[in-house]
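The values are calculated or read from the model by the stated rules, or taken from the named source; none is laboratory data. All of these numbers come straight from a predicted model, not from anything done at the bench. All Cβ positions, glycine included, derive from the backbone under ideal geometry; neighbour counts span all protein chains shown. Each accessible area value is taken on the protein alone, full model and side chains, heavy atoms only, with ligands, DNA and RNA left out. Shrake-Rupley method; radii C 1.70, N 1.55, O 1.52, S 1.80 Å.
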Amino acid sequence: MKSLSLRPALRALPLAGLVAIAGALAAPASAQVVPEPDVKEVARTPLRDLNIDRRDIPAVLKTAALDPYTTAGMTKCDALVSAIAELDTVLGGDYDIATDDGNDRFSEGRIAQRMVGSLMPFRGIVREVTGAASNDRALQAAYTAGMVRRAFLKGWGLGRGCAYPARPKVADAGTPR
């Protein structure tokens with residue numbers, strides 16, 4: 001995805017507002033679940049708020065939400081590798097392989113999304129009435145279930161003696177995660 005460049009617009013924001021936005025939108029230190037919003041995603045914000053353009057929950061996350069701790073079909077390490085890879089395609093890199101130098105704390109796409117969303121009066125009420133907020137909560141719950149499922153599968157693989165990626169990657173000595 002292309003990064004949204006809003007640096008000139010950010011200079012125009014008052015310092016206090018910028019600090020508040022940056023604190024609220026700080027990116028996680030390692031793996032990222034939801035991709036960085038691009039220009040198209042920012043433009044879709046009003047449509048998402050009205051629940052016209054809702055995000056669908058990927059099938060692998062729906063399955064994970066049903067029973068994240070099932071071991072059915074997970075008797076061989078190859079099955080674990082396959083299941084983990086399927087989750088990785090939706091969730092992105094897991095914490096054992098994610099890299100972050102800690103230098104990029106601003107998310108231009110998320111700031112732009114918040115700015116566009118703030119233009120709608122009574123946005124929170126509108127999102128509840130249209131069902132957009134409920135859809136976002138279900139999507140976040142599905143992503144959480146997917147992360148739990150992936151972690152469980154890696155633990156299951158570790159217990160069964162599987163090699164990486166069917167188990168957590170061993171950290172290099174002295175390398176913080």
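Provide a single number: the residues in segment 123-135 that are of a type outside the set (S, T, Y) and more than 10 Å from D49 (Cβ to Cβ).
The number of residues fulfilling the criteria is 5.
Tell me, which helices (runs of 4 or more DSSP H) lie completely within segment 1-108 with 1 or more residues that are modelled with pLDDT of 90 or more, open to solvent by 90 Å² or more (accessible area, probe 1.4 Å) and under 30 Å from Y164 (Cα atoms)?
59-66, 77-91
Residues in segment 120-145 that are more than 19 Å from A59 (Cβ to Cβ), aliphatic (A, V, I, L, M) and surrounded by 16 or more Cβ atoms within 10 Å (Cβ to Cβ): how many?
3
Being over 19 Å from T63 (Cα atoms), in a helix (DSSP H, G or I) and at pLDDT 90 or above, is that true of even one residue in segment 158-174?
yes
Regarding P68, is this residue closer than 28 Å to V148 by Cβ and not small (G, A, S)?
Taking the combined requirement at face value, the residue satisfies it.
Take the residues in segment 146-168 that are surrounded by 17 or more Cβ atoms within 10 Å (Cβ to Cβ) and of a type in the set (D, E, K, R); name whichever of them is nearest to D88 (Cα to Cα).
Across segment 146-168, the extreme among qualifying residues is R150.
All but one of (1) part of a loop (DSSP other than H, G, I, E, B); (2) of a type outside the set (G, A, S); (3) out of contact with any Pro (no Cβ under 6 Å at 6 or more places or on another chain); (4) modelled with pLDDT under 90 hold for R114; state the number of the condition that does not hold.
(1)
Go through segment 32-76 and count every residue that is under 21 Å from T130 (Cα atoms) and either of a type outside the set (S, T, Y) or touching a Cys at 6+ places or on another chain (Cβ under 9 Å) (or both).
16
Just one of R160, R114 is closer than 20 Å to K40 by Cβ and among the basic types (K, R); which is it?
One residue alone meets the criteria, R114.
Can you name the number of the only condition in (1) modelled with pLDDT of 80 or more; (2) in a loop (DSSP other than H, G, I, E, B) that A142 fails?
Here A142 clears every test but (2).
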